[in-house]
Amino acid sequence: MERILQHPEKLKKFPRMGRVVPEIGLDSVRELIYRNYRIMYVVDDSEKSVEVLTVIHSARQFGGFEAEDDNNV
């Protein structure tokens with residue numbers, strides 16, 4: 001798990017390097033693939049910080065996140 005969470009260090013320089021999560025479709029919600037894991041994260045508007053939302057095994061089905069309203073992830 002520790003190695004998985006070290007992988008997003010590249011995001012400091014390139015916060016939008018991951019692809020848009022297809023199940024969500026928002027440009028700010030992206031993912032990196034590391035081995036058999038999907039690391040999903042959100043990029044803030046200034047692109048100065050990212051927040052890891054979840055790390056899931058790619059064999060698990062992902063149904064998306066429930067948003068509180070249209071303005072929040």
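Where a number appears in this text, it was derived from the coordinates with a stated rule and is not lab data. This is a predicted model, so every value here is computed, not measured. Note: ideal-geometry Cβ built from the backbone for every residue, glycine included; neighbour counts use all protein chains shown.
May I ask which residue of Pro15, Leu26, Val43 lies farthest towards the positive end of the charge dipole of the stretch 1-55, with charges of +1 (Lys, Arg) and -1 (Asp, Glu) on Cβ and the Cα centre as origin? Farthest along the dipole direction, towards plus: Pro15. Look at the alpha carbon pairs under 8 Å that are at least 6 residues apart: their mean separation over the length of the stretch 2-57 gives a relative contact order of 27 percent.
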